[in-house]
Every structure is written in C-alpha cells, then in structure tokens.
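Structure first, then comments.
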Amino acid sequence: MPDSPYNATGQVAGNESSSTYEGRHVSILESLLTHPTHADGFVDGGDPCVFGDVGVGVAFTSAAAATDYIALDTEGIWWQSVVATNEAGNIAVAIGDELFINESTCIISKNYNKNTHRFFGYALTAVPTGTTVVIPVKVHFDPDDAIELVGTSAVPYTNATTGMIFRQYRYASTSVANSEIRGIYVNLDLNGTQGAGGEALRPRTRINAVLGGGVHGIHAAVEFGTAGSASGLAVGARATMMMKNAAHAGGNVFGAMSELWAAGALTDWTGTTRHAIHCFNNGGEATGLATAANVFSFDGLSATQNQAHNAWVAGLTRSLRVIVDGAVFYIGLSNAP
C-alpha cells in the first residue's frame, strides 16, 4: 500500500497487524508527519507529531530523509514542552487538564480551537499561567468533543462548497412513551455573579456580501407530515421567561423581544422596501393561507392586562394595557369586526 511500511504480501482481511501494546506504536512516512521545525527539516526523536486528520504521537527516532519511516508512540507518558495558554490568552495548566497540539507548529497548550488544534493528551503536572514548562504528558490518540471550538470571529473555518451544510444533526424517534423527545438540549447555568449576562444559544448570520435571497438569524419550524397531527400545542417557535417563585427586583423582563438594531449614527432604514420591529407574515399556498383567521391570540391575561373599556370610544369592549417608552397606554378592542 502506498506510503505504508506494512507489507501486505499474503495478508487477508481479519489478520492482526498491530505492533507493540495493542497497536499503540505506528510507523508513518516522515513526509506525512507535521512536527516542530528543525535545521535539517526532519523530525527528531521525542518530537510531538500530528498526522492525518486526528492522529497524534511522539517520535521514537530522528529521520535523515523524508522517505524514512518513523515509529510513533500514540499513547504513553512523555516529557513535553507545554505552554500555559488557551485560545483566549494566558491561563494556568492544572494536573489532569486536556492539552491540544497546534497542527502547524506542534506547540502544545490548552487551545482547543479545532480549526487549528487537535487533542493531544493530559497534563500530569501544573504549569503557571503564561509560562512554558517541560512536564510529563499522558499522550492519548482519542479526540474529546466535550468542549468544541471551530474557528474564531477573526479566523472562521472556511469552505467554498456550494450548498454546504457545515454540521447536521438528524434524528428520528420511534418512541411511543408519554415523554418529551428533544433533538438537541442546550442548558447554561449562570452560577457566578458576573454582570455581563449570558446566552444558552446565540445563533447569528452575518451578511458580508450583497445577497438576493432571504436570510434568517434563526429559523425554527414545526412541520406536519401527511399523517401527522398534534392534539395539543404546536408552535413554530416559543420563548419562555420563567420567573422564580419569589419577587424580582429591578431590570426589564419580557417573554420575547424582537428589535431593529442600529449599528451607528449612519444607519439608515429608509432605503429598505419595508421595515418593522416585527413582521407577521401569513405565507404559503393562497387557498390554504386564506383559512388562517387570526392575527393575534392572547391567552391567560390578567385582569390588569385585559381590562373593560372605559367608554372613551363607542363600540370598544375591552382594552389591552401596553407600555410605550416606559409610559402605560391602552389599546382598545371591539368584539365585532
């Protein structure tokens, strides 16, 4: 087989081809390794190396030519130079921390950006923040996706494939049990007293070119198959503000919010064909969409939110309490068109 030191003569599928210790030692062509830079351009014994899409290891010997096959240990404990930084800057390395290797420079640190790094192993000695120290590292050829970073705002992962879907999660549940099924569940607990707030999920679409089609920051939908129906609630998108079972002091609290956001003093919406803080769109096939009768639905309103009108306009029967720029107003309602 090309680029392989393993002789395939007489071999058949199912034969064991592993070397020492259940295959932890592998031999890779020097030209296929990425390793720290040296004067002769070739790998040195003890170098941390990467190969292929996820392969990592430590070279046993030095190479004298790009055509040399180099044995690597993809496990074991090796003394390696570790930099106490991550993708955000200086940060201490603690015993047991995951370590990652830069796919170009082979520098080992806590930077877990998958656009430039891959999982290498675990630290067995602490490293003070911002320093570089030679420590024992438990090398492990097994990526861990518990924390994932693919690209940054400055250097995003880029792919020019037409119609590209960067990540897909497609599930199908056949459960008939009386329990909720969730495709993806995201939970963020804010247990500190930091004042910047937080977001469990922040999808954002940035338009950096002149586009001809529609663009959504997020598009959530419920779709019914031919045989599908829902006897309970079916909502295309739902936002819930759950209040604790106690009084809450200060702040602005909303169940949901849509907004037009001006990036600066030169922002000018007047050139748009239409714009609004919120758009209610009744779409689809004309005959079908004509059967939709209601624009709004208010459920569970309190007597303060939904009040009897005060006879200020004839024909109105109810009024909805609203706030406009901090002041209370009322929208009148009639029970007849």
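The values are calculated or read from the model by the stated rules, or taken from the named source; none is laboratory data. Given the structure is predicted, the values throughout are model-derived calculations rather than measurements. Ideal geometry is used to build each Cβ from the backbone, glycine not excepted, and the neighbour counts take in all protein chains shown.
List of remarks:
- From the options Asp142, Asp53, Asp44, residue that is under 25 Å from the mean Cα position of the chain (by Cα) and more than 30 Å from Asn208 (Cβ to Cβ): Asp142
- Residues that are out of contact with any Pro (no Cβ under 6 Å at 6 or more places or on another chain), closer than 13 Å to Val82 by Cα and assigned to a loop (DSSP other than H, G, I, E, B), drawn from region 102-124: Thr105, Ile107, Lys110, Asn111
- Taking first residues from region 267-294 that are over 21 Å from His216 (Cα atoms) and partners that are not small (Gly, Ala, Ser), the Cβ contacts under 7 Å between residues at least 6 apart in sequence or on separate chains come to Leu289/Asn282; Ala292/Asn282.
Table: residues versus (1) surrounded by 10 or more Cβ atoms within 10 Å (Cβ to Cβ); (2) assigned to a loop (DSSP other than H, G, I, E, B).
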| residue | (1), (2) |
| --- | --- |
| Asn294 | no, yes |
| Leu301 | yes, yes |
| Ala314 | no, yes |
| Arg321 | yes, no |
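- The single condition among (1) buried (at least 20 other Cβ atoms within 10 Å of the Cβ); (2) hydroxyl-bearing (Ser, Thr, Tyr); (3) at pLDDT 95 or above that Tyr112 does not satisfy is (3).
- Reported count of residues in region 55-84, each being polar (S, T, N, Q), surrounded by 19 or more Cβ atoms within 10 Å (Cβ to Cβ) and more than 15 Å from Phe120 (Cα to Cα), is 0.
- Yes/no for Asn113 being in contact with a Ser or Thr (Cβ under 7 Å, 6 or more places away or on another chain), in the same structural domain as His25 (by TED's automatic domain parsing) and within 24 Å of Gly46 (Cβ to Cβ): no
- In region 263-292, the residues that are farther than 17 Å from Gly236 by Cα, within 35 Å of the chain's Cα centre (by Cα) and surrounded by 10 or more Cβ atoms within 10 Å (Cβ to Cβ): Trp269, His275, Ala276
- Some residue of region 65-74 being in a loop (DSSP other than H, G, I, E, B) and either over 26 Å from Pro5 (Cα atoms) or among the charged types (D, E, K, R) (or both): yes
- Selected residue (criterion: surrounded by the most Cβ atoms within 10 Å (Cβ to Cβ)) from residues of region 134-148 that are touching a residue at least 60 places away in the same chain (Cβ under 8 Å) and part of a strand (DSSP E or B): Val137
- Every listed requirement among (1) over 25 Å from the mean Cα position of the chain (by Cα); (2) surrounded by fewer than 16 Cβ atoms within 10 Å (Cβ to Cβ) is met by Gly89 save one, (1).
- Out of Gly45, Gly14, Gly52, sole residue that is without any contact (Cβ under 8 Å) to a residue 60 or more places away in the chain, exposed (fewer than 15 other Cβ atoms within 10 Å of the Cβ) and touching a Ser or Thr at 6+ places or on another chain (Cβ under 7 Å): Gly45
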